[in-house]
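Each reported figure results from applying straightforward, stated rules to the coordinates on display, with no laboratory input. This one's a predicted model, so the numbers in the text were calculated from it and none came from an experiment. Neighbour counts are summed over all protein chains in view; Cβ atoms, including those assigned to glycine, are modelled from backbone coordinates with ideal geometry.
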Amino acid sequence: MIHSTDSRLLAELTKLLPNKICKSLRIQVTWFEAVTVLGKRRGLFQLLLFLMVWAWGANVALAQSRDQIAPTLSSAHRGFTVFAPRGHSNAGAAPIQPTASGIDSIKSFSGDFRVSGVGPTGNPQRKWLYTIAGGRPEVGGTTTFDAPIVPVSLDLLDYDGSVRVVHGHKLHYSVEPFISAVVNSPIFQHADYTSSDVPTQFSDSVQRAEFYNTMQSDWHTLLKPSLKPARTLSIPRGAYYFALNDDGSCCAFVLADIDVFSNRLFPPAANDASTPIGAAEQAGDVTTKGIATFLFPNTYLYLNRNPNNCCVLGFHTYDFEPGDASNGFREKRYVLNYSSWISPGLFGPGFEDVTALSHEITESLNDPFVGSDGIHGITPWWLSQNGNCQNDLEVGDVIEGLPDATVTVKTRGRAYHPQNVALLQWFQFQSPSTALGGAYSYPNQSVLTSLSPSEGVNCK
């Protein structure tokens, strides 16, 4: 029997405790029912012990759900991925036309080199072709690409489709705090580099190092940044993991399933404006003549539905859409990248701020159409020091993850950490290299000092 004094105590306790228990067993029992039944069979001491244990368990459950993780990624593998073009065509098939006459896209030039190697299917091949953004180096002059920056924030959804709330904080992750730092970075601002007599942008310094001995002195490939209206990408519960800030707010970072993320980033149909890329295209914020950045806040992707297969920090590709009468019915190619801001300390010293963006922008210039025709941008198979085995002109992938992967560059009073990249000569298996100073990498010319061994398909 529970005495009146005990009843008052229980009434006060029940105000502090959850209303339902045993949800995991799909049993709906109120706390008052539970303590009343228990009180008929136990003394007050046992009753209070029961309540304390349940309160502790409830607090633990409320404190952290299974998709909330610790705010550190120091042991995670950081990298990038080759992302095939997405889009739509009148015929419903992926595009294969590599020439400028067949597509509506950014200005580019093509070239070739000769070296013995093995093609994608294992057949011997000696001639290799590439397409690079900008004007021809031997002609000179400056090519300036529009470089729209589309900030994209995240809404992490609950099971009912609403923005999830954890400890009173909505899981809305704003990219706003990182925008100005990106605009002021060496990706878009000018700094001093050994490949240029005048201050220039990071990616231009790389291009000039590659073609240093064939370019005209006034040859440049520049980006003209412009900030566009912000967009929001929502991720359904079950397709993300998150780490909170110290104050419980969202977020230190977010891990997202790459398939769900990309499906919600790209338009599901031509002329669709429901996704960040589709909305930006339909609004004219991005065009076929620019190189667009979709900037995210500490948003990293995992593969195969497994968060242990993390972390992709960016990719570059293009969205292709049907042409119309205004462009001669040529396929429209929107060259773009998804890049995440990287807050200092998440992955370790030096791998931070615009490391991902620098990687993707330099690759967008050197392989804007990501080898989609199976010809341009395809190289002999190579094996880099970080273990990557590929056969494409992905200049950042060769160096990602190496001890000296990044370099410090100061612009607008802040130190940034863009990534060193491999130069064209490394993929050409040139010995010696015809790049600036005989280098295979830039800006740090000592990162790559030797070529890849000759490899077969998949480096076997």
Expressed as a whole-number percentage, the relative contact order of segment 86-459 with C-alpha contacts under 8 angstrom and at least six residues apart is 20
Need the C-alpha centroid separation for segment 155-216 versus segment 344-394, integer Å. 15
Too-long pairs where the Cα-Cα distance tops 19 Å, listed order kept, from LYS170/LYS228; LYS107/LYS289; LYS289/LYS332; LYS127/LYS332: LYS170/LYS228; LYS127/LYS332
Most packed first (mean Cβ within 10 Å per residue), the peptides 346-355, 141-150, 251-260 order as 251-260, 346-355, 141-150
Using θ = phi - 60° and the Karplus relation 6.51 cos²θ - 1.76 cosθ + 1.60, list the HN-Hα couplings for segment 415-426 in order, rounded to whole Hz, with x at every Gly or Pro. 8, 10, 9, x, 8, 4, 9, 6, 8, 3, 4, 5
